[in-house]
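Asker: Please read through the structure below; I'll follow up with questions.
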Amino acid sequence: MKRALKIASGLGCLTSVVGPLLAIVLYPKAKWLFAFALIGVAVLWLNRRFAKDPTPEALADQIERLLTGNYAGWDVDDFEMQGIRDSQLQDLHRRCMSVGLPEEWPKLSDEQKNQLRDIIVELRELGDARKQGQAVN
């Protein structure tokens, strides 16, 4: 079953790349076909543009799951490839990544794990401070 899904996914990716090139060769007069490629690029750009930053609590939870080794699927890649625009969260995310690769965090030394735990505490405090700021306003 996994192999069939992998093949189907690969064929889908291949079709999305080869399809427009094949359209240029087979249907040079049908320029409207290229609108689909532009729509695809626009959707990807809009998705990136309007994506929300994770909350400090959510980022702390992600780090904690990765640190304990209690993650599955794409959790490591999702953490590594986050596009964070908030400068404070971005700094804390970079500090985490400087400790080591997330998939290796469960095997780190106690000192390195403590660095990550300190970052988790900072994130939770930042989240609490932001909640306090919203409650006051």
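The values are calculated or read from the model by the stated rules, or taken from the named source; none is laboratory data. Keep in mind that this is a model prediction, so the values were computed, not measured. Ideal geometry is used to build each Cβ from the backbone, glycine not excepted, and the neighbour counts take in all protein chains shown. SASA here: full protein model, heavy atoms, side chains in, ligands and nucleic acids out. Shrake-Rupley method; radii C 1.70, N 1.55, O 1.52, S 1.80 Å.
Asker: Using a 1.4 angstrom probe with every protein chain in place, what is the largest-first accessible-area order of Tyr27, Tyr71?
Answerer: Tyr27, Tyr71
Asker: Let me ask you something else. Which one, Leu66, His93, Pro106, is farthest towards the positive end of the dipole of segment 18-135 when Lys and Arg carry +1 and Asp and Glu -1 on their Cβ?
Answerer: His93
Asker: Now a separate question. Can you put Lys31, Lys131, Lys107 in order of accessible area, largest first, using a 1.4 Å probe?
Answerer: Largest accessible area first, the list is Lys107, Lys31, Lys131.
Asker: Once each part is reduced to its C-alpha centroid, what is the distance from segment 87-110 to segment 26-67 in angstrom?
Answerer: Each part's Cα centre sits 25 Å from the other's.
Asker: OK, next. Taking all protein chains in place and a 1.4 Å probe, what share, in percent, of the accessible surface of the chain do carbon and sulfur account for?
Answerer: Result for the chain: 61 percent of the exposed heavy-atom area is carbon or sulfur.
Asker: Toward the positive end of the charge dipole of the chain, about the Cα centre and with charges on Cβ (Lys, Arg +1; Asp, Glu -1), which of Ile24, Gly83, Gln132 goes farthest?
Answerer: Ile24
Asker: Sum up the charges of everything whose Cβ sits under 11 Å from the Cβ of Lys131, counting Lys and Arg as +1 and Asp and Glu as -1, but leave Lys131 out.
Answerer: Charge balance near Lys131 sits at -1.
Asker: Kindly point out which whole DSSP H helices in the chain project their C-alpha atoms 27 angstrom or further along the helix axis while averaging a Kyte-Doolittle hydropathy of 0.0 or above.
Answerer: 2-26
Asker: Accessible area per residue of segment 22-137 at 1.4 Å probe, in Å²?
Answerer: 72
Asker: May I pose another question? For a distance above 25 Å, tell me the whole-number percent of Cα pairs in the chain that qualify.
Answerer: The share of Cα pairs beyond 25 Å in the chain comes to 50 percent.
Asker: I would also like to ask the following. In nm, what is the difference between 0.36 nm times the number of residues separating Glu64 and Met81 and their Cα-Cα distance?
Answerer: 4.4 nm
Asker: Another one. Among Leu123, Leu38, Leu66, which one shows the biggest mean-square fluctuation in a GNM of the chain, springs joining Cα atoms closer than 10 Å?
Answerer: Judging by the Gaussian network model, the answer is Leu38.
Asker: Another one. With +1 on each Lys and Arg Cβ and -1 on each Asp and Glu Cβ, and nothing else charged, work out how big the dipole of the chain is about its Cα centre, in Debye to the nearest 20. Present the calculation step by step, with values, prior to reporting the outcome.
Answerer: Values: 18 positive and 18 negative charges, 203 e Å.
Result for the chain is approximately 980 debye, rounded to the nearest 20.
Asker: Turning to a different aspect of this structure: Which order do Glu57, Glu111 take when ranked by solvent-accessible area (1.4 Å probe, heavy atoms of all protein chains), largest first? Before the final figure, lay out the partial values.
Answerer: Numbers: Glu57 45, Glu111 130 Å².
From most accessible down to least: Glu111, Glu57.
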